[in-house]
Amino acid sequence: MTLDAHYLRGSMAAILSILQHSSCPENVAFHFVSSASSNSSFLQSTITASFPYLKFRVYPFDDSSVSGLISTSIRSALDCPLNYARSYLADILPLCVRRVVYLDSDLVLVDDIAKLAATPLEGSTVLAAPEYCNANFTAYFTPTFWSNPSLSLIFADRKPCYFNTGVMVINLARWRAGDYTTKIEEWMELQKRMRIYELGSLPPFLLVFAGRIAPVDHRWNQHGLGGDNFRGLCRDLHPGPVSLLHWSGKGKPWARLDANRPCPLDALWAPYDLLQTPFSLDS
C-alpha cells in the first residue's frame, strides 16, 4: 500500500480489516511506499501505536522519478506522484519479494487476504485482478488513440477488459524479467506528446496488461463506492458475495462521515476507523 498523511486514516482502516479477517495475521507482512518528501517517522509511529506487533517496512518513493511523466487528468488527486508508485513496486521492493498484493488505501477487507494472495498466475502471467468486461473499454482512451491504427492495434490480438488497479496480485519476479515499468513509462511519455487518455495511472496499466491478466472473482473488488468522479454520489453493492469493499472515486467514507453526509455503505467502513470515530457505533 502507499502511505501518506492525507489517506492515512484510510490506510489504518484497511490494515485493521486485513488483520481482523486473516486466519493467520502473524503471517501478513506489509510493504508501505511513501513519498521521500513525507514525514515518514510520523507515518511509522502512527502505525506502530495502533499495531505494535505489525510486520511492516516503509519504503521511500522519489517523486521526481515519475513527476515529469505525469499528464494532467480529470481529477487532480489522480495526478499525485505517489499514485504512480504501483508501477514501480518491482524497483522499490527487495528482490526477495517475488509476489505482492497491491491495495489502495480506501478499502476494507471482510475476508482472508491469504485467499486473494493465493490467486494462480499461470504460465508467464504477471498480474491478476477482477475484470469488468461489460464496461465500455473504449471510453478509457481518447478518439485520438482509437483513430490511430498504429496505437489502437495494440489490442488487436487481445480481448481487453477494464480492471481496477486498486486491487492487484502481482508477480514481481516476472514483472522485473519483462521490464514492465519501462513499458508503462513509454505509454506515459507518448501521453505527454499526444493526449491518448484522461485518467491518471490506470490507462497505462490497461495498455500493457488488459486482456493478459488472470481473472479474480468480483467479490475481491466491490469498487466505485466513492461514487467514481461524482462527489456526493452514493453507490450500492454489486450483486453477489463480497470480500473487499473499495471506496474508489471522489467520495471517501471518512470525509463523508466527518461532514455528517455519509452514504449508507459508509457504515460498513466506520467500525475500522481507528483515527477518529465522531459518532457512536452502537446507535
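Condition test on residue 48, is it over 30 Å from residue 120 (Cβ atoms), out of contact with any Gly (no Cβ under 8 Å at 6 or more places or on another chain) and at pLDDT 95 or above? Even if it seems obvious, please write down each step before you answer.
Numbers: over 30 Å from residue 120 (Cβ atoms): yes; out of contact with any Gly (no Cβ under 8 Å at 6 or more places or on another chain): yes; at pLDDT 95 or above: yes.
Judged against the criteria, residue 48 is a match.
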Quickly run through the stretch 175-198 and pick out the residues that are more than 16 Å from residue 210 (Cβ to Cβ) and basic (Lys, Arg).
176, 192, 193, 195
Within the stretch 206-233, residues being touching a Phe, Trp or Tyr at 6+ places or on another chain (Cβ under 8 Å) and closer than 18 Å to residue 80 by Cβ number 1
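To keep it simple, each residue is scored yes or no on (1) touching a helix residue (DSSP H, G or I) at 6+ places or on another chain (Cβ under 9 Å); (2) of a type outside the set (S, T, N, Q); (3) modelled with pLDDT of 95 or more.
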site: 189; (1), (2), (3): no, yes, no
site: 192; (1), (2), (3): no, yes, no
site: 207; (1), (2), (3): yes, yes, yes
site: 212; (1), (2), (3): no, yes, yes
site: 232; (1), (2), (3): yes, yes, no
site: 252; (1), (2), (3): yes, yes, no
site: 258; (1), (2), (3): no, yes, no
site: 264; (1), (2), (3): no, yes, no
Would the stretch 226-247 turn up any residue that is open to solvent by less than 50 Å² (accessible area, probe 1.4 Å) and in contact with a Ser or Thr (Cβ under 6 Å, 6 or more places away or on another chain)?
yes
Taking the condition of being assigned to a helix (DSSP H, G or I) and open to solvent by less than 60 Å² (accessible area, probe 1.4 Å), how many residues in the stretch 197-219 meet it?
8
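Quick check, is residue 135 at pLDDT below 95 and either over 15 Å from residue 209 (Cα atoms) or among the aromatic types (Phe, Trp, Tyr) (or both)?
Numbers: at pLDDT below 95: yes; either over 15 Å from residue 209 (Cα atoms) or among the aromatic types (Phe, Trp, Tyr) (or both): yes.
Judged against the criteria, residue 135 is a match.
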For the stretch 18-57, which residues satisfy the criterion of being crowded, with 17+ Cβ neighbours inside 10 Å and among the β-branched types (Val, Ile, Thr)?
18, 28, 33, 46, 47
Restricting attention to the stretch 96-118, does a residue exist that is assigned to a helix (DSSP H, G or I), open to solvent by 20 Å² or more (accessible area, probe 1.4 Å) and touching a strand residue (DSSP E or B) at 6+ places or on another chain (Cβ under 7 Å)?
yes
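Look at residue 120 and say whether it is at pLDDT 95 or above and touching an Asp or Glu at 6+ places or on another chain (Cβ under 9 Å). Step through it out loud before you land on a result.
Details: at pLDDT 95 or above: yes; touching an Asp or Glu at 6+ places or on another chain (Cβ under 9 Å): no.
Taking the combined requirement at face value, the residue does not satisfy it.
Please give the helices (runs of 4 or more DSSP H) falling wholly within the stretch 119-196 in which 3 or more residues are open to solvent by 60 Å² or more (accessible area, probe 1.4 Å) and among the basic types (Lys, Arg). It would help to see each step written out before you state the result.
On the way: elements: 143-146, 149-152, 172-178, 180-193.
Answer list for the stretch 119-196: 180-193.
Going by the conditions given, is residue 84 open to solvent by less than 20 Å² (accessible area, probe 1.4 Å) and assigned to a helix (DSSP H, G or I)? Don't jump to the end; show me each part of the working.
Numbers: open to solvent by less than 20 Å² (accessible area, probe 1.4 Å): yes; assigned to a helix (DSSP H, G or I): yes.
Answer is yes for this residue.
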Looking at the stretch 183-205, which of its residues are without any contact (Cβ under 8 Å) to a residue 60 or more places away in the chain and among the aliphatic types (A, V, I, L, M)?
190, 194, 196
Members of the stretch 209-224 that are under 20 Å from residue 139 (Cβ atoms), among the aliphatic types (A, V, I, L, M) and touching a Leu at 6+ places or on another chain (Cβ under 9 Å)
213
Residue count for the stretch 253-264, restricted to those that are open to solvent by 20 Å² or more (accessible area, probe 1.4 Å) and touching a residue at least 24 places away in the same chain (Cβ under 8 Å):
3
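The values are calculated or read from the model by the stated rules, or taken from the named source; none is laboratory data. Because the structure is a prediction, the values reported are computed rather than measured. Using ideal geometry, Cβ is built from the backbone for each residue, glycine included, and neighbour counts are taken over all protein chains shown. Side chains included, ligands, DNA and RNA excluded: accessible areas come from the protein's heavy atoms. Shrake-Rupley method; radii C 1.70, N 1.55, O 1.52, S 1.80 Å.
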